[in-house]
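Written below as structure tokens is the structure these notes are about.
The values are calculated or read from the model by the stated rules, or taken from the named source; none is laboratory data. Here the structure is a predicted model, which is why all the values come from computation and not from measurement. No Cβ is skipped: glycine too gets one built from the backbone with ideal geometry, and neighbour counts run over all protein chains shown. Heads up: the accessible areas ignore ligands, DNA and RNA and are worked out on the full protein's heavy atoms, side chains in. Shrake-Rupley method; radii C 1.70, N 1.55, O 1.52, S 1.80 Å.
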Amino acid sequence: MANYDNNDLIAELKKFAQTKGAGVKGLVDSGLVKLPRIFIQPPERLSNYSVSNDNRLTVPVIDLVGLGKEDRRRKIVSELHQAFQNWGVFQLINHGIPTDVIDSVLEAVKVFHEQPPEVKTADDYNRKVFRFDTSATFKRSAAASWRDFFRYTCVNRILEETNLPQICR
């Protein structure tokens, strides 16, 4: 964790804890105008990363054509591993998911996360199959990381639409 005055750090952690159920949006809705220091990497840690003005850098693109063939599957897994390890992000192509389905999912996720915290954390949304959560890590890194997510557990690879909140169907 970065070097802070202990009282400042405690105050920032308390403010964060008060918004925990509301997620990232709750922190913004609470009047946040500046990113809390607990989420900023200290300069000495950033010096390990080089900065490039090369605008030709591109996110890795992974083509899923031939995924069913063993040798191609191994190559795709290797490409995914490299992308995760070196970039933390990648683009999949030829995955077979229609654009309108992707657009619908993105809109549903946006609408879901824009709901009031009491709706997102209600029992209807927090069962074994579907769950909204927010998590933060404070001890594994020099700066905290935070993510809001919802998780859907498919049983036997079958999507039961009735297990999803109405807003996500």
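Is there any pair linking a residue in the stretch 104-121 that is surrounded by 14 or more Cβ atoms within 10 Å (Cβ to Cβ) to one that is in a loop (DSSP other than H, G, I, E, B), with Cβ under 7 Å and at least six apart or on different chains, and which? Within 7 Å, the pairs are Phe112/Pro165.
Pairing each residue of the stretch 29-45 that is without any contact (Cβ under 8 Å) to a residue 24 or more places away in the chain with any residue that is hydrophobic (A, V, I, L, M, F, W, C) and surrounded by 10 or more Cβ atoms within 10 Å (Cβ to Cβ), provided the two are 6+ apart or on different chains, yields C-beta distances under 7 Å for Asp29/Ala22.
Taking the criterion of being within 29 Å of Leu164 (Cα to Cα), at pLDDT 90 or above and not in a helix (DSSP H, G or I), would at least one residue in the stretch 98-109 satisfy it? Yes, that holds for at least one residue. Being outside any loop (DSSP other than H, G, I, E, B), at pLDDT below 90 and under 22 Å from the mean Cα position of the chain (by Cα) is a property that Glu118 has. Condition test on Ala22, is it open to solvent by less than 80 Å² (accessible area, probe 1.4 Å), more than 30 Å from Arg169 (Cα to Cα) and either under 22 Å from the mean Cα position of the chain (by Cα) or modelled with pLDDT of 85 or more (or both)? The answer is no for Ala22. Taking each residue of the stretch 158-169 that is of a type in the set (Val, Ile, Thr) and looking for partners that are open to solvent by less than 60 Å² (accessible area, probe 1.4 Å) and part of a helix (DSSP H, G or I) with beta-carbon atoms closer than 8 Å, six or more apart or interchain, yields Ile167/Ala108; Ile167/Val111; Ile167/Phe112. Once the stretch 68-85 is narrowed to residues that are of a type outside the set (Gly, Ala, Ser) and exposed (fewer than 10 other Cβ atoms within 10 Å of the Cβ), the residue that is farthest from Arg169 (Cα to Cα) is Asp71.
Taken over the stretch 64-91, residues that are in a loop (DSSP other than H, G, I, E, B) and under 21 Å from Ile102 (Cα atoms) amount to 6. Only one entry of Leu64, Leu92 meets the criterion of being surrounded by 11 or more Cβ atoms within 10 Å (Cβ to Cβ), at pLDDT 90 or above and under 19 Å from the mean Cα position of the chain (by Cα), and that entry is Leu92.
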